[in-house]
Amino acid sequence: MKKTRIAALALGALVFGASLILGGCTTVGPKPSKTTGAERSVAASNTMALVENDIRQLVLQIEATNSSLSAILTPGLDNVSVAYTNYAKNVGLMEKSGKVFLERSDKMSAEGKDYFEEWRLQGNAYTNPQIQALSEQRRAELSAVYAQISESSVGVKGSLNDYISKLKEIQAYFSIDLTTKGIEAISLLAQRTIEDGVNLSVPLESVLASIAEVRTELEPRPTP
């Protein structure tokens, strides 16, 4: 009986020791990436596709919001309250579209940064100097193309937030004073806000073109 207990204790000690060794082995060294480069490329490309759609929706919403604001400014408009209701609805949609675009743009930038950083780390792991040089060359080339998105996006976020802010303040103004004289008083500022929206569409289209170019570079060769 005593020998059986000793054997059991010894076996337990061996199992416990093995678990410590195995546990230690799993924590040694860097953890492997959960996704491959191809998977990160697809994820980044998919997010870009969503941002492209966001921009198209944003441009359409700018046009709709500007049109609804312009309607209120029309002299002799029969039913101003109906025009105001339509404008208020479009301001809400404009704010929602802008929020979606800005959040998705930030995600796109983060994914791009992670993608190229992982590529850099992978490139440093090559032992063949020629392959390492080729990898770095391709990374630099694609990084330069990707940088065009940031370049074309300069000022867009600030301009978009400013435009939406003006739309909301004009809406608040109209909610208090929708009289003929009240509309006339804010007419000049409202017209300038409409122009801001038109001008905003230009850089948004530029960002759209830059994203399309990068997506073309990221897309894998189709399977024959």
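Scoring N79 on the criteria (1) among the polar types (S, T, N, Q); (2) modelled with pLDDT under 95; (3) crowded, with 17+ Cβ neighbours inside 10 Å leaves a single failure, condition (3). Pairing each residue of region 152-178 that is within 21 Å of I211 (Cα to Cα) with any residue that is in a helix (DSSP H, G or I) and among the charged types (D, E, K, R), provided the two are 6+ apart or on different chains, yields C-beta distances under 8 Å for S159/D196.
Yes or no: region 138-147 includes at least one residue that is farther than 28 Å from E52 by Cα, out of contact with any helix residue (DSSP H, G or I) (no Cβ under 8 Å at 6 or more places or on another chain) and small (G, A, S). Among the residues of region 138-147, not one is farther than 28 Å from E52 by Cα, out of contact with any helix residue (DSSP H, G or I) (no Cβ under 8 Å at 6 or more places or on another chain) and small (G, A, S), which makes the answer no. Only one of the listed residues (Y146, Y87, Y115, Y126) is under 19 Å from the mean Cα position of the chain (by Cα), among the hydroxyl-bearing types (S, T, Y) and more than 21 Å from P203 (Cα to Cα). That residue is Y115. For the residues S159, S206, S150, the requirement of being surrounded by 14 or more Cβ atoms within 10 Å (Cβ to Cβ) and closer than 22 Å to K113 by Cβ singles out S206. Taking region 121-139, which residues are surrounded by 14 or more Cβ atoms within 10 Å (Cβ to Cβ) and not aromatic (F, W, Y)? Hits for region 121-139 are Q122, G123, Q132, S135, E136, R139.
A single entry from D106, D78 fulfils the requirement of being in a helix (DSSP H, G or I) and free of Cβ contacts under 8 Å to residues at least 40 places away in the same chain: D106.
Residues that are of a type in the set (D, E, K, R) and farther than 22 Å from S201 by Cβ within region 43-82 comprise just one, D78.
Residues that are assigned to a helix (DSSP H, G or I), of a type in the set (D, E, K, R) and within 19 Å of A64 (Cα to Cα) do occur in region 201-222, at least one of them. Residue under question is L134, and the condition is that it be in a loop (DSSP other than H, G, I, E, B), more than 19 Å from E52 (Cα to Cα) and either in contact with a helix residue (DSSP H, G or I) (Cβ under 6 Å, 6 or more places away or on another chain) or not acidic (D, E) (or both); does it hold? In short, no. On inspection, I183 fails the criterion of being surrounded by 11 or more Cβ atoms within 10 Å (Cβ to Cβ), within 23 Å of A43 (Cβ to Cβ), in contact with an Asp or Glu (Cβ under 9 Å, 6 or more places away or on another chain) and at pLDDT 85 or above.
The values are calculated or read from the model by the stated rules, or taken from the named source; none is laboratory data. No experiment lies behind these values; they were computed from the predicted model shown. Because the Cβ atoms are built from the backbone with ideal geometry, glycine has one as well, and the counts that use them run over all protein chains shown.
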